[in-house]
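*Asks:* The structure under discussion is supplied below as C-alpha cells; questions concerning it will follow.
The values are calculated or read from the model by the stated rules, or taken from the named source; none is laboratory data. The structure presented is a predicted model; accordingly, all values stated were derived computationally and were not measured. In this analysis, Cβ positions are derived from the backbone assuming ideal geometry, glycine residues included, and neighbour counts consider all displayed protein chains. We work out accessible area using only protein heavy atoms, side chains counted, and drop any ligands, DNA or RNA first. Shrake-Rupley method; radii C 1.70, N 1.55, O 1.52, S 1.80 Å.
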Amino acid sequence: MHELSQMIKDDMKPALGVTEPGAIAFAVAKAKSYTKGTVEKVTVSMNSGMYKNAFTCGIPGTTEVGSAFAAALGAVAADPDKGLESLADVKDADVQEARKMLEEGKITARLEGITSRIFIKAEVETAEDTACVTIRDSHTNITEITVNGKEVFGTEPKDSYPVQEEEETVHPIHRYTLKELYEYADSVPIEEISFIEEAYQTNLALFHEGLESPRTTFARRLLNMNDGKEISKDEQATASLLCNAAIEARVIGLDKPAMSITGSGAHGIIATMPLYGAYKVNGYTKEQLLRATALSYLVCMYIKEYSGKLSAFCGCAIAAGSGMACALVYLRGGTVEMMAHTLNNMASSITGMICDGGNQGCTMKGIAAVDAAYKSVDFAMQGIYIDDVHGINGKTPEETMRNMGLIASPGMTGTEKTIVEIFEGKRRFFS
C-alpha cells in the first residue's frame, strides 16, 4: 500500500459526537477499568485545545454538554474498548447517575497549559484504588497508565508536558508537494482507496439523523434553501446542506458517529460531504469521488500537521475547507496550478477564523467554509486569485499551506489563552 494510502487509512476513525468529549470519556473509562469499587472522585486535566473544544459541546445520547459531564459518563457508562465511540450505549439511567456525581462534587475538569498538543490526564479514585491514564498527541494515544502510584504502562520518558511544546519534526506528508499529492490521488489503484467509501456511509447516516431530529434547526433551514430536497440542481446549496446538517447533528450530540480525519469529526465532514453533493448533482463517477476525497484528506492533513491537532483557529473551515476546495477543482478537471490559486484564495480569506470549541457555532463555520471554498474555486478556475506577493501566501502552494498552519501555532497561542479565559469567566457567571 502506498504511504499516503496508509496515512489516510490510519487517520480515518469513526467518532461519536464531538471528538473531545469522546476522548475524555474514553480516558476516564480506561482509568476506571483498572480500579475496583465505586468511583468516588474523577479529575481530568486537559490542554487548552481539549478544554476549549469540549467546553459546551453536546454529549451523545443526552441533552447535556461539556467536559465535566463527559468525564462523569466516562465513569458511569463509557466502554473503553470502543475508543472515540465509547459513549455509544449511554442509557437514561446513566445520565441520571452522571448528574448525581456532578451534583455531589465528584467530578473535576480543569485546564492545564496553553498548547496545541493534545493532552488528557484522567484520574479515577475509588475506596480501594487510584488509577491514572495519560493521553498525548492524538485523542486515544495512551502514553502512560499508573495504578496506585505504580506505572503499569508507559511509552515515553517524563517531561514538563503539556506546557512545553514538542520539538519540531518533519511529518511524512510534508515531504510531498501539492503536485505529488494530486498525482497520487489521480493514479493510485482505486481498490487501494476503496476504504474511503466508509466515510460516506458514516457521514450520510449522520446527515439523515440531523434531518430527522426535532432538535436541529440549521438543518431544516438549509433544506428549505435547497428547495426542500436533499439533492437539488443547486450544487453549492446541496453541498452546504449535506455538510452542515451533519455538523449540526454532531455538535448537538445526536447518536450517530462521524468519520473523523486529523482527529476531528467536523474536519471529516467538511472534507467529504460537499464533494458528495458535487458528485450527486453533476453525475461524477464513484471513482472520481474517491480520488477527490483522497486529495481533500491529504491537503487537510498537510495544513493540520503544521497547525497542531487542537489550536485557536478553525481547522475545520481552514484546513478541511481548503482540502475540499482543491478536490472540487479536481472533480471539475482543473489543474494543479488552479488548486494552488484556490489555496491562495482560501488563505487570503478565512485563515484566522477562530475555534471557540466544539459547539453549535461549528455549523455556521461550516456554512462559511463551503461558501469560501466554492467562491475560491470559481474564481481560481477563471484565473482570478490573490497573488503570491500578498498576505501570507507563499511562493509555492506548499509554503502557503505551511503559512496557514503557522497562523494557528504558534501564531494564535495568545488567542487560545484569551478564548479559555473567556470560557472561565462564563463558567463563573453560570455557577
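*Asks:* Between Gly210, Gly263, which is under 19 Å from the mean Cα position of the chain (by Cα), closer than 24 Å to Ser311 by Cα and buried (at least 16 other Cβ atoms within 10 Å of the Cβ)?
*Replies:* Unique residue meeting the criteria: Gly263.
*Asks:* Hey, Ser349 hits all of (1) farther than 30 Å from Leu16 by Cβ; (2) part of a helix (DSSP H, G or I); (3) open to solvent by 40 Å² or more (accessible area, probe 1.4 Å) but one; which does it fall short on?
*Replies:* (2)
*Asks:* Can I ask one more? Take the conditions under 14 Å from the mean Cα position of the chain (by Cα), of a type outside the set (Lys, Arg) and under 24 Å from Ala54 (Cβ atoms) and apply them to Met353. Does it pass?
*Replies:* no
*Asks:* Checking Pro410 against (1) modelled with pLDDT under 95; (2) part of a helix (DSSP H, G or I); (3) surrounded by fewer than 18 Cβ atoms within 10 Å (Cβ to Cβ): exactly one of these is not met. Which one?
*Replies:* (2)
Every residue, every condition in (1) farther than 19 Å from Glu248 by Cα; (2) β-branched (Val, Ile, Thr); (3) assigned to a helix (DSSP H, G or I); (4) open to solvent by less than 10 Å² (accessible area, probe 1.4 Å), yes or no:
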residue: Leu275; (1), (2), (3), (4): no, no, yes, yes
residue: Val299; (1), (2), (3), (4): yes, yes, yes, yes
residue: Glu305; (1), (2), (3), (4): yes, no, yes, no
residue: Ala327; (1), (2), (3), (4): yes, no, yes, yes
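*Asks:* Okay, moving on. Would you point out the residue of segment 83-120, among those that are over 14 Å from Val28 (Cα atoms), open to solvent by less than 20 Å² (accessible area, probe 1.4 Å) and β-branched (Val, Ile, Thr), that is nearest to the chain's Cα centre (by Cα)?
*Replies:* Step by step, filter segment 83-120, then rank; the result is Ile118.
*Asks:* Just wondering, is there one or more residues in segment 353-370 that are farther than 16 Å from Cys314 by Cβ, surrounded by fewer than 24 Cβ atoms within 10 Å (Cβ to Cβ) and polar (S, T, N, Q)?
*Replies:* no
*Asks:* Restricting attention to helices (runs of 4 or more DSSP H) lying wholly within segment 1-115, give those where 1 or more residues are in contact (Cβ under 8 Å) with a residue 24 or more places away in the chain and within 26 Å of Ser409 (Cα to Cα).
*Replies:* Ranges flagged: 3-11, 19-32, 48-54, 67-76.
*Asks:* For Val420, indicate whether it is closer than 28 Å to Ser240 by Cα, hydrophobic (A, V, I, L, M, F, W, C) and assigned to a helix (DSSP H, G or I).
*Replies:* Criteria not met by Val420.
*Asks:* Looking at (1) in contact with a strand residue (DSSP E or B) (Cβ under 8 Å, 6 or more places away or on another chain); (2) of a type outside the set (Val, Ile, Thr); (3) closer than 22 Å to Ser33 by Cα; (4) surrounded by 23 or more Cβ atoms within 10 Å (Cβ to Cβ), which is the only condition Ala54 fails?
*Replies:* Only one criterion in (1) in contact with a strand residue (DSSP E or B) (Cβ under 8 Å, 6 or more places away or on another chain); (2) of a type outside the set (Val, Ile, Thr); (3) closer than 22 Å to Ser33 by Cα; (4) surrounded by 23 or more Cβ atoms within 10 Å (Cβ to Cβ) is unmet by Ala54, namely (3).
*Asks:* Within segment 146-193, track down each residue that is modelled with pLDDT of 95 or more, under 25 Å from the mean Cα position of the chain (by Cα) and of a type in the set (Val, Ile, Thr).
*Replies:* Those that are modelled with pLDDT of 95 or more, under 25 Å from the mean Cα position of the chain (by Cα) and of a type in the set (Val, Ile, Thr): Ile173, Thr177, Ile193.
*Asks:* Evaluate the following for Ile384: is it of a type outside the set (Phe, Trp, Tyr) and open to solvent by 50 Å² or more (accessible area, probe 1.4 Å)?
*Replies:* yes
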